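Please read the structure below before turning to the comments.
Read-outs throughout are calculated quantities, based only on the coordinates presented, and are distinct from any laboratory measurement. What you see is a predicted model, and the numbers here were worked out from it, not measured in a lab. Glycine also receives a Cβ, built like all others from the backbone with ideal geometry; neighbour counts cover every protein chain displayed.
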Amino acid sequence: SGELYCSLPNPRNVRFESINMKNVLHWSAPEGTGDGVLYKVKYAIYGVGKWIRKPECRNINRTWCDLSSETSDYEEQYYASVKAFLNRTCSDWVETPRFNPLTDTKIDPPMVSVSSTDRSISIILTAPEKWKRSPEEESLSLLQVYPGLQYNVSVLNKKTKKRWFFSISNNTLVVPWLEPGTAYCVSAQIHVSTPLLDSGFSKEYCITTLKDK
Amino acid sequence: KIFHLGACRVSMSMTEIRAGFTAIKAKIQSRDPVRTLSILSHPHSLHKVKSSDRCCMAHQLFTFYVDKVFKHCRTEDSFVNRKISSIANSFLSARRKLRQCHEQNNCVCGEESTEKFKQILANYEGLNVTSAAMKSLGELDILLDWMEKSR
């Protein structure tokens with residue numbers, strides 16, 4: 001088909017937003033364009049010669065496109081590109097910076113489960129899983145992706161407001177010598193030193209130690 | 001961080017190297033417009049190197065970066081230049097350890113790593129020196145990811 005004369009302003013801020021390697025391409029509409037703009041998307045593996053069209057993101061009016069499936073091999077790096085169309089004119093293709101799923105993803109906080117005795121609390125942490133195409137697909141913990149993954153754990157004594165911090169590599173922690181019948185709140189974060197990736201802290205999980213026997 | 005490469009053990013300040021590269025990655029990669037070629041990852045992926053060949057491949061790659069890449073990557077940006085020389089210094093000391101290991105015959109090159117490294121050099125020589133060096137520098141995370149994948 002004859003190439004349209006592309007005088008439409010370009011889509012802006014074209015970038016990947018990635019959480020646990022769910023890799024979604026986002027962009028902003030071209031400046032000064034109201035409704036009615038449509039887009040198409042293509043992507044490429046860095047070092048491989050061709051662009052690949054994403055059919056599910058052809059003639060779409062939303063400003064995002066999920067490319068998780070196409071970019072799931074985190075031993076590769078990728079580019080993606082967006083083009084806008086409006087009233088028989090179009091924009092240029094606008095590319096992302098090179099995207100490395102391994103270093104450019106964000107990580108969710110770990111799941112935290114807490115139990116207690118009268119003088120201790122036990123904490124079990126679970127790292128999030130890498131994004132997967134379907135529930136049937138085999139799960140891959142981010143612990144397997146990042147061998148150096150650690151947990152930072154915060155424990156707060158609600159009565160005294162005293163807080164402890166622990167940094168652990170395995171996923172269980174027992175905090176001893178606590179006061180019976182006292183509420184403690186636990187929050188945890190994932191820390192990967194290289195590549196440097198820190199999750200936010202999880203919400204607080206509070207538990208009260210059993211009363212003295 | 002200690003890397004066990006076959007019989008060789010190499011310690012590297014990976015956190016500093018990564019931080020240095022992350023600080024200049026966007027600037028360096030934006031100077032490499034050729035998306036369809038890679039020095040390190042195509043047609044052969046580093047990630048497919050057998051573990052018995054890891055030491056030799058690491059030795060060859062560190063020598064490659066020290067002798068052929070860093071010295072051709074000067075830019076007009078002093079911040080970028082400082083980060084590059086800091087990374088280069090880390091590579092120099094790692095290369096020294098690998099060379100010692102190589103000289104003690106603990107870092108033998110198999111056919112596979114020899115072939116793969118030949119391809120990397122061919123990819124490099126397929127571009128003019130400055131473009132090849134800048135592209136190689138922009139691919140440092142590919143090397144670091146490979147090194148860290150199975151420490």
### Query
What percentage of all Cα-Cα pairs in the protein assembly as shown are separated by more than 30 Å?
51 percent
### Task
Enumerate the whole-percent occupancy of each 10 Å bin, from 0 to the last occupied one, for all C-alpha pair distances of the stretch B:2-149.
11, 44, 36, 9, 0
### Task
Would you work out which of B:Asn105, B:Ser45, B:Leu121 lies farthest towards the positive end of the dipole of the stretch B:42-151, given +1 charges on the beta-carbon of Lys and Arg and -1 on that of Asp and Glu, about the Cα centre?
B:Asn105
### Task
Once you've got the GNM for chain B with C-alpha springs shorter than 10 Å, pick whichever of B:Leu37, B:Leu61, B:Leu140 has the biggest mean-square fluctuation.
B:Leu37
### Message
On a straight-distance basis, which lysines could pair with A:Lys132 in a cross-link, Cα separation under 26 angstrom, same-chain partners fewer than 8 positions away excluded?
### Response
A:Lys22, A:Lys40, A:Lys42, A:Lys50, A:Lys54, A:Lys106, A:Lys203, B:Lys48, B:Lys149
### Task
Describe numerically, in nm with one decimal, the distance between label points set 7 Å from Cα along Cα→Cβ at A:Gln144 and at B:Asn81.
4.7 nm
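For chain A, what is the calculated [θ] at 222 nm in deg cm²/dmol (nearest 500), taking -39500 (n - 2.57) for each run of four or more DSSP H residues and dividing by its residue count?
Working: 2 runs with 8 residues, N = 213.
Computed mean residue ellipticity for chain A: -500 deg cm²/dmol.
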### Task
Convert each backbone phi in the stretch A:7-23 into a coupling constant with the Karplus relation 6.51 cos²θ - 1.76 cosθ + 1.60 (shift: θ = phi - 60°), then list the ³J(HN,Hα) values in order as whole Hz, x for Gly and Pro.
10, 6, x, 7, x, 10, 6, 7, 7, 8, 10, 10, 10, 6, 6, 8, 9
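Compute the projected area of the convex hull of the Cα atoms of chain A, averaged over all viewing directions, and report it in nm² to one decimal place. Mind dumping the intermediate values first?
On the way: hull surface 64.7 nm².
So the Cα hull casts an average projection of 16.2 nm².
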### Task
In whole Å, largest first, what are the principal axis extents of the Cα atoms in the stretch A:12-104?
40, 27, 21
## Note on the structure
Rg (one decimal) and Dmax (whole number) from the Cα set of the stretch B:43-123, in Å, equal 14.1, 42
### Query
Build a GNM of chain B with springs between Cα atoms under 10 Å: which of B:Asp32, B:Asp77, B:Asp67 gets the top mean-square fluctuation?
B:Asp77
#### Entry: Simple Cβ-charge dipole of chain A, Lys/Arg +1 and Asp/Glu -1, about Cα centre, in debye nearest 20
540 debye
### Query
Using a simple spin-label model with points 7 Å from Cα along the Cα→Cβ vector, what separation in nm is obtained for A:Phe165 and A:Glu204?
1.7 nm
### Summary
Rh_Kirkwood(the stretch A:111-208) over Cα pairs, Å, one decimal, evaluates to 14.5 Å
### Message
Over 10 Å intervals from 0, what percent of Cα-Cα pairs in the stretch B:83-151 sits in each interval?
### Response
16, 40, 40, 4
